[in-house]
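One structure is given below, encoded as structure tokens.
The values are calculated or read from the model by the stated rules, or taken from the named source; none is laboratory data. Since this is a predicted model, take the numbers as computed values, not measurements. Here the Cβ is made from the backbone with ideal geometry for all residues, glycine too, and neighbour counts use every protein chain on show. Ligands, DNA and RNA are excluded from the accessible area calculation, which covers all protein heavy atoms including side chains. Shrake-Rupley method; radii C 1.70, N 1.55, O 1.52, S 1.80 Å.
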Amino acid sequence: MEFLLVQALSGLASAASLFLVASGLSIIFGVTRIVNFAHGAFYMLGAYVAYTLTTRFAGPFGFWGAIVAAAIIVALLGALMEMVLLRRIYQAPELFQLLATFGVTLMVQDLVVVIWGPEDLLGPRAPGFTGAISLFGRMVPTYDLFMMTLGPVVLGILWLLFHKTRWGVLVRAATQDREMVAALGVNQKWLFTGVFALGVFLAALGGALQIPRTTVTHAMDLSIIVEVFVVVVIGGLGSVFGAFVAAIIVAELNAFGILILPQISLITVFLVMAVVLVVRPWGLFGKPESAPRAAAGLTIRPWRPFTQVERAGVALVVVAVAALPFFLGNYALTVGAEILIYVLFAASLHFMMTVGGLASFGHAAYFGLGAYGAAFLVKYMGAPMEAALIVGPLLGLAGAVLFGWFCVRLSGVYFAMLTLAFAQIAWSIAFQWVDVTGGDNGLLGIWPATWASRPAGFFWLALGIAVVGVGVLRMLVFSPFGYGLRAVRDSALRSEAIGLNRQRMQWAAFIVAGTFAGLAGALFAFLKGSVFPDYMAIPTSVDGLVMVLLGGVETVSGAVVGAVLYKALAIWLMSQTDLSKLVLGGVIVVIVLAFPKGVVGFIEDLRHRWPRKGNGATVGATKAEAA
Amino acid sequence: MKLQVSNLNSHYGPAHILYDVGLEIGAGEVVALLGRNGAGKSTTFRSIVGLVPQRAGTVMFDGADVSRLPTYEIVRRGLGYVPEDRRIFSHLTVEENFEVGRQAPRPGVATWTPDMLYKLFPNLGEMRKRPGGQMSGGEQQMLTIGRTLMGNPSLVLLDEPSEGLAPKIVEQMADAILAMKGEGLSVVISEQNLHFAKLISDRAYIIEKGRIRFSGTIADLEANPEIRDAYLAV
């Protein structure tokens, strides 16, 4: 009994930082409608800056002064990001904002290593809270007690700020109706910047306050952001009180989950989140989103199937690619096979994202599940490659059936956050369930059949599967199912009024996309000869997103072009620089700012600027473009 | 001239809504902008305060061209706007709604305080701590007008203040608008309800399908029933 109480107290102590970061994310979202992916990065920066200030400059500030100073410095950085980057993309679809802030996250990850080095850092203890006191016969660190009281104190301060100051009242008003606030003479620009700085300050303070408890590492950003996403999904995006309650729930579940299921402690959190989402899709204290913006919305140009000429052109390209093994060396062919696998992966994401309007931030989960499915068959059942390639992706399908059922209950940013959380859960299962998955060591020795063991043979195998997969997905776009899916994406209400079942159609799209991603993953397992948890990690999901975005979100063939360009660029970059994340993050930010329609969208714009004769769609499209 | 709008053209996406709209409002005048549903009244007001992104034309306010300014700067110069659908902040109390609208006092213009507004709208005085979402339609209409007055405007655009209100509340609105006029404010109201407009207005414009079709005094309008029948009768 005493042990449980102490465990509960420890959970409360961890809840404090979680609450600080989650409330910051919630406040920012409430006013700017941006889910700040970089929030974890600011949390991490808060810890690093606090480490430097407390160890090197403790003299002028003292420990506590250094903690607050660190949070203020990082808040200024956040305000700078808002002014330089976000102000330009407030009108853009949500997906772009998520991606832009993710680009910043990637850049910060490399910058932190450059500035502070790759080693974990151990900060000083907090003066006055170095000891432990005996509670129920067990020792509890006094710093934990301090953190426990901090949560409610910060909640109280935030309440006073939002209810007793003019600034806070303006923020609450803007959370409901930004335009009306401007129509009453308030300059939103500075309100937004101020809100952003406050949110980042809270995140950085949460990070800075961690240094007496844990080491400072350059992986702490992604670990916190996933927990924070879970917290705001449970508590309700935009609700500070919801963040407070949900942070306690999640922290306690973590504290006790580790006792019940030490292998897969995240499962308990996942189960609670699932229940909350079914009962209240907008979270315990959140409000239903009035009109979620779909991922689409930059241009309205009707899609059409390929003409005969274009079809012949595509066939020609496929034949040309199939002839590559006669000209290229083994290394180039292996790279080529990898690119082809990513073409299929990107096309599957494109299907649910562009056609279905479901921007997934966790598509790697199904890629990874497919890879593990194939690996299990080979490892535990001795199945041949052919069987594993057919049956393995079914694990991706199963994952999509399960996770998709929950995800399609939500839309917009909630959907994106939930897919990300599910992918992280899949990743942590693969990482923690060592007996079955081999954990971090992965599963090795997943080799292809003899006929496909040479690079040329595998290249042809990958080409065949990619061509068939992309072809099937494209046929689906122009099938009645595809039309229905687009109707549901563009207007959920009107399509329900004509008898389309939104959730079921989107669930089906989710499953189709997950299955093809699983197929790509199974193929990838045989290409690499091994499977690792990292196949399901966030960077893989984001790779897919960037491919679709680079090609053009609102085109049918953008994913293919984007995957080829991006993968080739990424592989080349890896060989050129150690700071690939910094460059990649920069590329993402630049794409979002300068190239929002992607490569294919850009080319289509050029084509439609000089309309050809006999193209009936052009007149309508030009008109629609004026929108 | 307090407010002078000329050649105002506005678009929503591909749809052209306003065609060369022109309005002239003198200091201390109450002017009605009359027209049927969908004639372009709200779009005219929204364009004047810069809430319609695709607009062209000039808007002169107190002798300065404000047509290129962002909404908040137009409003800060004393051009108040009360939206048609009221758009009160439903989670904020009456007091807090007023606080959002508050601007610094402006020389030469009446300075409004919550206490003055509670006198003008006694209903609101009894529910200072009530969230806006828990008020009746009439009370919300009073609140949205009061909220705009807190910005100490010298001219107010009032979009359909009588819409959907009980006759007794409509009378109260008329009194409030005349009180605003008494403080020296210019008021432009958009209306479908000719009787209400007649009670309070000095002059009227009629807008139909995005074009101004008539401009004159209320007496002119009374003398020309065929205009009223062509553009206003349902």
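If we scan region A:24-42, do we find a residue that is of a type in the set (Gly, Ala, Ser), more than 23 Å from A:Leu191 (Cα to Cα) and surrounded by fewer than 24 Cβ atoms within 10 Å (Cβ to Cβ)?
No, that holds for no residue.
Would region A:574-593 turn up any residue that is among the hydrophobic types (A, V, I, L, M, F, W, C), surrounded by fewer than 16 Cβ atoms within 10 Å (Cβ to Cβ) and closer than 28 Å to A:Tyr331 by Cβ?
Looking through region A:574-593, at least one residue is among the hydrophobic types (A, V, I, L, M, F, W, C), surrounded by fewer than 16 Cβ atoms within 10 Å (Cβ to Cβ) and closer than 28 Å to A:Tyr331 by Cβ.
Specify the residue that is surrounded by the fewest Cβ atoms within 10 Å (Cβ to Cβ); the eligible residues are those in region B:100-133 that are in a helix (DSSP H, G or I) and in contact (Cβ under 8 Å) with a residue 40 or more places away in the chain.
In the first step, residues of region B:100-133 are kept if they are in a helix (DSSP H, G or I); the result is B:100-101, B:114-120, B:122-125, B:132-133.
If we keep only those that are in contact (Cβ under 8 Å) with a residue 40 or more places away in the chain as well, we get B:100-101, B:120, B:132-133.
Values: B:Val100: 24, B:Gly101: 28, B:Leu120: 20, B:Gly132: 23, B:Gly133: 12.
By that ranking, first place goes to B:Gly133.
Looking at region A:164-180, is at least one residue open to solvent by less than 10 Å² (accessible area, probe 1.4 Å) and closer than 25 Å to A:Leu45 by Cβ?
Checked region A:164-180: at least one residue is open to solvent by less than 10 Å² (accessible area, probe 1.4 Å) and closer than 25 Å to A:Leu45 by Cβ.
Exactly one condition in (1) within 23 Å of A:Val542 (Cα to Cα); (2) touching a Gly at 6+ places or on another chain (Cβ under 7 Å) is false for A:Leu476; which is it?
Only one criterion is unmet by A:Leu476, namely (1).
Would you mind finding the one in A:Ala559, A:Ala525, A:Ala570 that is small (Gly, Ala, Ser), surrounded by 24 or more Cβ atoms within 10 Å (Cβ to Cβ) and closer than 15 Å to A:Ile591 by Cβ? Explain how you work it out, then say what you get.
Values: A:Ala525 fails: closer than 15 Å to A:Ile591 by Cβ; A:Ala570 fails: surrounded by 24 or more Cβ atoms within 10 Å (Cβ to Cβ).
Answer to the check: A:Ala559.
Here's a check for you: in region B:179-197, which residue that is touching a residue at least 40 places away in the same chain (Cβ under 8 Å) and open to solvent by 30 Å² or more (accessible area, probe 1.4 Å) is nearest to B:Asp62 (Cα to Cα)?
The selected residue is B:Gly184.
Residues to consider are B:Leu69, B:Leu51; find the one that is in a loop (DSSP other than H, G, I, E, B) and facing chain A (nearest Cβ under 8 Å).
Details: B:Leu69 fails: facing chain A (nearest Cβ under 8 Å).
Only one candidate qualifies: B:Leu51.
Within region A:79-90, does at least one residue satisfy the condition of being in contact with a His (Cβ under 7 Å, 6 or more places away or on another chain), modelled with pLDDT of 90 or more and either within 18 Å of A:Val589 (Cβ to Cβ) or crowded, with 23+ Cβ neighbours inside 10 Å (or both)?
Checked against the condition, which is being in contact with a His (Cβ under 7 Å, 6 or more places away or on another chain), modelled with pLDDT of 90 or more and either within 18 Å of A:Val589 (Cβ to Cβ) or crowded, with 23+ Cβ neighbours inside 10 Å (or both), region A:79-90 yields no hits at all.
Any idea which of A:Leu519, A:Leu463, A:Leu444 is at pLDDT 90 or above, on the phi < 0 side of the Ramachandran plot, touching a helix residue (DSSP H, G or I) at 6+ places or on another chain (Cβ under 6 Å) and open to solvent by 20 Å² or more (accessible area, probe 1.4 Å)?
The match here is A:Leu519.
With respect to A:Gly499, determine if the residue is free of Cβ contacts under 8 Å to residues at least 12 places away in the same chain and part of a loop (DSSP other than H, G, I, E, B).
Details: free of Cβ contacts under 8 Å to residues at least 12 places away in the same chain: yes; part of a loop (DSSP other than H, G, I, E, B): yes.
Considered against the rule, which asks whether it is free of Cβ contacts under 8 Å to residues at least 12 places away in the same chain and part of a loop (DSSP other than H, G, I, E, B), A:Gly499 comes out as yes.
Can you work out which of the residues in region B:42-66 that are open to solvent by 10 Å² or more (accessible area, probe 1.4 Å), under 18 Å from the mean Cα position of the chain (by Cα) and not aliphatic (A, V, I, L, M) is farthest from B:Met150 (Cα to Cα)? Please lay out each step first, then the result.
Filtering region B:42-66 for residues open to solvent by 10 Å² or more (accessible area, probe 1.4 Å) gives B:42-43, B:46, B:50-51, B:53-58, B:60, B:62-65.
Add one more test, that the residue is under 18 Å from the mean Cα position of the chain (by Cα), and what stays is B:42-43, B:46, B:50-51, B:60, B:62.
Imposing the further condition that a residue be not aliphatic (A, V, I, L, M) reduces the set to B:42-43, B:46, B:50, B:62.
On the way: B:Ser42: 22, B:Thr43: 24, B:Arg46: 19, B:Gly50: 20, B:Asp62: 20 Å.
Top of the filtered list is B:Thr43.
When region A:190-225 is examined, which residues are found to be in contact with a helix residue (DSSP H, G or I) (Cβ under 7 Å, 6 or more places away or on another chain), over 21 Å from A:Gly151 (Cα atoms) and open to solvent by 30 Å² or more (accessible area, probe 1.4 Å)?
Of everything in region A:190-225, those that are in contact with a helix residue (DSSP H, G or I) (Cβ under 7 Å, 6 or more places away or on another chain), over 21 Å from A:Gly151 (Cα atoms) and open to solvent by 30 Å² or more (accessible area, probe 1.4 Å) turn out to be A:His218, A:Leu222.
Where the second residue is at pLDDT below 90 and open to solvent by 30 Å² or more (accessible area, probe 1.4 Å) and the first is hydroxyl-bearing (Ser, Thr, Tyr) and lies in region A:194-219, which pairs have Cβ atoms under 8 Å and are six or more apart or on separate chains?
A:Thr215/A:Leu122
Looking at B:Asn9, B:Asn37, which is the one that is assigned to a loop (DSSP other than H, G, I, E, B) and at negative phi?
B:Asn37
If you go through region B:174-203, how many residues are in contact with a strand residue (DSSP E or B) (Cβ under 9 Å, 6 or more places away or on another chain) and assigned to a helix (DSSP H, G or I)?
So the answer is 9.
Could you list, in sequence order, all residues of region A:355-371 that are touching a Pro at 6+ places or on another chain (Cβ under 9 Å) and open to solvent by less than 10 Å² (accessible area, probe 1.4 Å)?
Within region A:355-371, A:Ala364, A:Tyr366, A:Gly368, A:Gly370 meet the criteria.
Please verify whether A:Phe63 is surrounded by 24 or more Cβ atoms within 10 Å (Cβ to Cβ) and in the same structural domain as A:Gly199 (by TED's automatic domain parsing), treating the condition exactly as stated.
So A:Phe63 does not fit the description; no.
With the requirement that a residue be more than 10 Å from chain B (Cβ to nearest Cβ) and assigned to a loop (DSSP other than H, G, I, E, B), what does region A:175-218 give you?
A:Leu209, A:Gln210, A:Ile211, A:Pro212, A:Arg213, A:Thr214, A:Thr215, A:Thr217, A:His218
Can you find even one residue in region A:25-38 that is at pLDDT below 90, within 24 Å of A:Ala251 (Cβ to Cβ) and part of a helix (DSSP H, G or I)?
Looking through region A:25-38, at least one residue is at pLDDT below 90, within 24 Å of A:Ala251 (Cβ to Cβ) and part of a helix (DSSP H, G or I).
Name the single residue that is farthest from the chain's Cα centre (by Cα) among those in region A:421-441 being of a type outside the set (A, V, I, L, M, F, W, C) and loosely packed, with under 14 Cβ neighbours inside 10 Å. Break it down stepwise before answering.
Just the residues of region A:421-441 that are of a type outside the set (A, V, I, L, M, F, W, C), to begin with: A:424, A:428, A:432, A:435, A:437-441.
Checking the rest, the ones that are also loosely packed, with under 14 Cβ neighbours inside 10 Å come to A:435, A:440-441.
Working: A:Asp435: 28, A:Asp440: 21, A:Asn441: 24 Å.
The qualifying residue farthest from the chain's Cα centre (by Cα) is A:Asp435.
For region B:138-159, name all the residues that are charged (D, E, K, R) and open to solvent by less than 10 Å² (accessible area, probe 1.4 Å).
Correct list: B:Arg147, B:Asp159.
List every residue pair whose Cβ atoms lie under 6 Å apart, where the two residues are 6 or more positions apart in sequence or sit on different chains, the first residue falls within region A:116-144 and is open to solvent by 80 Å² or more (accessible area, probe 1.4 Å), and the second residue, located anywhere, is not aromatic (Phe, Trp, Tyr).
A:Asp120/A:Thr215; A:Asp120/A:Thr217; A:Leu122/A:Thr215; A:Arg125/A:Pro212; A:Phe136/A:Glu2; A:Phe136/A:Leu5; A:Arg138/A:Val6; A:Met139/A:Ala132
This table checks each residue for (1) modelled with pLDDT of 85 or more; (2) crowded, with 23+ Cβ neighbours inside 10 Å; (3) touching a strand residue (DSSP E or B) at 6+ places or on another chain (Cβ under 9 Å); (4) outside any loop (DSSP other than H, G, I, E, B).
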position	(1), (2), (3), (4)
A:Val250	yes, yes, no, yes
A:Leu259	no, no, no, yes
A:Val278	no, no, no, yes
A:Pro281	no, no, no, no
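Run down A:Ala537, A:Ala513, A:Ala508 and say which single residue is buried (at least 24 other Cβ atoms within 10 Å of the Cβ) and within 26 Å of A:Gly412 (Cβ to Cβ).
On inspection, the qualifying residue turns out to be A:Ala513.
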